[in-house]
């Protein structure tokens, strides 16, 4: 009890110090040092209308490669940990007709919407990560609506493996052609149109596929499909 | 000042509450909830440090003076994805531990003593 | 000329493709793994040689720092890079003959990404990028620890996961705080603007980094996961956790404290005492252990405490000693955990009583274990002697008499339990000679050879250690390398 009280006091005190420290720069007036350049030059330098996207994919693109790797790692570790788990199959009733019919019509629309989000990542809010998650949510809907719905493991592995590999490959092409990893070797294109942003749309499409297949893979592992197929 | 308390204060408080939950609770699921709260607090903090008064999303064409700082938004995107990954892995651990030990109480595993 | 960035991205690309290799042939996985680590080792050697003539700046996305992420490899980075990849290469050879639970290819994927993450941590020059690599290293380590899916592994894994994610979230909070005040994430750029920070901000950031990175660097009290995780994990995983991972965390901590935040007196004092407390508590706990693997795990924590203590002294001489001690810790712990893995194959369980007489049964392994342990204790003419003696000398140099006494006390405790263990290894009546396969002994032999070599010629390492220590002390030099237009 005393230990707990002490811990609470300690965390509260540290939080207060942190608050004082953060308040040294009041809310609403961010210190833009590096971002200044992104805002001023980003549009012409990268050709991407959405500056957040150009920060994510180009300026801090190496982080994003790492981020994709983290998700891949989680999917891998999760599949390794869950393998051999005795999933209990409880008898469930089929979902209602309304549910299954609606899902069947919604599913392609959800996939289309996900694809729209990641293809337009350099023009509108969104991009590879949200797009991929939307796609995975479509698969989740199908898992819920149909007891017998299956996704083949091979398809997921091929999609995520190749998408990841091509992502690194694009980076290496930049290294080879322009001397630095993930350099944009394509022209910025016509601003504000779909074909702009150099390698940004390319990478976001790959990320979309990769995230979509990884999230679906995570759902699939947690559903326990390997054991009682 | 009031804004500082509302935005910085609440996000730091959320992170602190999450930290306390993660450190003091015994139930694994509650610990994972605590970790997520902490994550959310940090993400809120990141978003609020990049906000510019009267600003909007940095997607052109908007006047430069109206764009919020794009970097924290990119960081939050990364942090969210990492948070999802950790949560998924933690829940898998919870499932397996429940299978092996028949409990989610981590103090019952062995001894938490150092 | 190999770009150092390849040592990070090639493992990633191959890890993505690992399921394909596994589908082609299940045996190919470990050879592919070995090949990638061998490539990394080659890249590390080339980088190390290049760093001798000057630091290397690697930019990404074709944009100069601080506007894009950059890698910076100075003398310190080069030294650790070589050390990490060399040790990882030896572990990869050791893994060729190891028994690994299914799914095998996932084990190697996790292992590969773990090495890539640790490499990224020591090469990157960007604070948020460091966080990303910290998470890559961490998540792969959680998976590896829990990989056996038995009670001990899961328990160790989940404790590591909880503390690890708390730590990395706090680290992220620190990064966010710094960003909000200086508006940049590049380490050198932050270091150049750190004077703008007020005292509370600087201290709050330091506390976040200390607690956050202390989890990986095994500082008290954030190291509660260490014994359980080390005991529950696969032997080679324990070895890489104890050698590469802990050093990567330590590197991140000292880089942040020395370069980014500027070494304030209060920070160094805190490091010094945190290290000392960690050392003493860990050695006292190690004394009580019956399981040899767990005992060495505590000893590993103690050694990390010793190294952090030495960094906390802050003088150039102390920093050199600390780095040397860290190198020796990597070599010795590699020997100890690998030879223990060989012993574990012959006996049921690693309790001390079960290992009675193992030194007669496995004469070579027993000898190697003893040399590793004696080097750790600082027996003259082994590598560990030189680092420990210079560490003690630098403590005396700064007139820190109380810490000096405590370190000596900890060394005596350590000597007691290691000698007790070795004694048990060589008692008993089991004389059957059953030495293990040569390929499994080879990595241990190489490590012991390095220990002996450095023991007879400690001067070989000195210029590199000096360069690395200078890099830590000379902040403006580091800033100049990145911002001042070092040719990429």
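Based on Cα contacts under 8 Å between residues 6+ apart, the range B:2-111 shows a relative contact order of 26 percent. For the pair residue A:113 and residue B:33, a Förster radius of 30 Å applied to the C-beta separation gives a FRET efficiency near 0.50, rounded to the nearest 0.05.
Averaged over the residues of B:23-36, the number of partner chain Cβ atoms lying within 10 Å of the residue Cβ comes to 2.
Once the chain from residue C:427 to residue C:64 is taken as fully extended at 0.36 nm per residue, the excess over their C-alpha distance is 124.4 nm. Over every Cα atom in the range B:2-111, the radius of gyration and the widest Cα-Cα span, Dmax, amount to 18.3, 60 Å. Rg over Rh for the range C:430-474 works out to 1.30, both radii taken from alpha-carbon positions and Rh defined as the Kirkwood radius.
Arranged from fewest to most other beta-carbon atoms within 10 Å of their beta carbon, C:124, B:78, A:193 become A:193, B:78, C:124. Which FRET efficiency value, to the nearest 0.05, is calculated for residue C:442 and residue A:144 with the Förster distance at 51 angstrom and r the Cβ-Cβ distance? With a Förster radius of 51 Å, E is 0.45. How many percent of all Cα-Cα pairs in the range A:127-229 sit more than 19 Å apart? That fraction is 52 percent. Quick one: go through the range C:457-484 and flag any residue whose amide nitrogen is under 18 Å from the point 7 Å out along the Cα-to-Cβ line of residue C:381. Residues C:457-460 qualify, since their backbone N sits under 18 Å from the label point. Relative to the dominant Cα principal axis of chain C, helix C:265-287 is inclined by about 10°.
Any idea what angle helix C:6-24 forms with the longest principal axis of chain C, computed on alpha-carbon atoms, 0 to 90 degrees, nearest 10? Tilt relative to chain C: about 50 degrees. Cβ crowding within 10 Å ranks A:14, A:124 as A:124, A:14, fewest other Cβ atoms first. Take the alpha-carbon centre of the range A:142-187, take the same for the range C:319-398, and report the distance between them in whole Å. First find each Cα centre; the distance between them is then 44 Å.
The Rg/Rh ratio for the range A:10-69, using Cα coordinates for both the radius of gyration and the Kirkwood hydrodynamic radius, is 1.17.
What translational diffusion coefficient, to the nearest whole µm²/s, does the protein assembly as shown have by Stokes-Einstein, given a Kirkwood radius computed over alpha-carbon pairs, a temperature of 20 °C and 1.002 mPa s viscosity? Diffusion coefficient, whole number: 79 µm²/s. Residues C:57, C:213 in ascending order of nearby Cβ atoms (within 10 Å, fewest first): C:57, C:213. Per Stokes-Einstein, at 10 °C and 1.306 mPa s, what whole-number D in µm² s⁻¹ belongs to chain C, with the Kirkwood radius over Cα pairs as the hydrodynamic radius? D, rounded to a whole number, is 71 µm²/s.
With a simple spin-label model that places each label point 7 Å from the Cα along the Cα-to-Cβ direction, the separation between residue C:452 and residue C:266 comes to 5.1 nm. Annotation: Cα Rg of the range C:197-296 relative to the compact-globule expectation 2.2 N^0.38 Å equals 1.19. In a GNM of chain A with a 10 Å cut-off on Cα contacts, which of A:115, A:145, A:22 has the highest mean-square fluctuation? Checking each option, the largest mean-square fluctuation is seen for A:22.
Residues of the range C:193-220 falling in the label zone of residue A:20, defined by backbone nitrogen less than 13 Å from a point 7 Å along Cα to beta-carbon, are C:198-205.
Can you tell me the 0 to 90 degree angle between the C-alpha axis of helix B:10-24 and the longest principal axis of chain B, rounded to 10? It works out to around 10 degrees.
Using just the C-alpha positions of the range C:250-359 as equal point scatterers, what log10 of I(q)/I(0) does the Debye formula give at each q in 0.24 1/Å? With no solvent term, the Cα-only Debye profile gives -1.24. The Cα center of the range A:1-58 and the Cα center of the range B:35-50 differ in position by 9 Å. Spherically averaged projected area of the convex hull of Cα atoms, the range C:1-115: 7.8 nm². Between residue A:124 and residue C:483, the modelled labels are 4.2 nm apart [label points 7 Å from Cα along Cα→Cβ].
How large is log10 of I(q)/I(0) for the range C:138-265 at q = 0.12, 0.14 Å⁻¹ when the intensity is taken from the Debye formula with one equal scatterer per alpha-carbon? Ignoring solvent entirely, the Cα scatterers give -0.49, -0.62.
Return the average number of partner chain Cβ atoms within 10 angstrom of each residue Cβ along peptide A:161-169. Show your work: numbers first, answer last.
Details: counts 9, 3, 1, 5, 7, 2, 4, 10, 2.
Partner-chain Cβ atoms within 10 Å, mean over residues of A:161-169: 5.
Applying the Kirkwood pairwise sum to the alpha-carbon positions of the range C:289-456 produces a hydrodynamic radius of 16.4 angstrom. For the range C:364-488, a Kirkwood radius taken over Cα pairs fed into Stokes-Einstein (20 °C, viscosity 1.002 mPa s) yields D = 120 µm²/s. Taking the empirical scaling 2.2 N^0.38 Å for compact globular proteins as reference, the range C:374-435 has a Cα radius of gyration ratio of 1.52.
Modelled spin labels at residue C:420 and residue B:108, positioned 7 Å past Cα toward Cβ, are 3.4 nm from each other. Kirkwood analysis of the range C:65-133, using all unique Cα-Cα pairs, places the hydrodynamic radius at 13.6 Å. Treating each Cα of the range B:31-94 as one equal point scatterer and applying the Debye formula with no solvent, the log10 of I(q)/I(0) at q = 0.18, 0.22 Å⁻¹ comes out as -0.69, -0.85. Counted over chain A with a bin width of 5 Å, the fraction of Cα pairs per bin, in whole percents, is 1, 6, 11, 13, 13, 11, 10, 10, 9, 8, 5, 1, 0, 0.
Contact order normalised by length for chain A, with contacts defined as Cα pairs under 8 Å and 6 or more residues apart; what percent is it?
Relative contact order for chain A comes out at 27 percent.
I need the calculated FRET efficiency for the pair residue C:315 and residue C:291, taking r as the beta carbon distance and R₀ as 35 Å, to the nearest 0.05.
Working: r = 38 Å, r/R0 = 1.09.
That gives a FRET efficiency of 0.35.
Quick note on the range C:5-46: its Rg to Rh ratio, both from C-alpha atoms and Rh being the Kirkwood radius, is 1.02.
All of the numbers you see were taken from the coordinates with simple rules; none came from a lab. Every value quoted in this text rests on a predicted model; they were computed, and no experiment measured them. In this analysis, Cβ positions are derived from the backbone assuming ideal geometry, glycine residues included, and neighbour counts consider all displayed protein chains.
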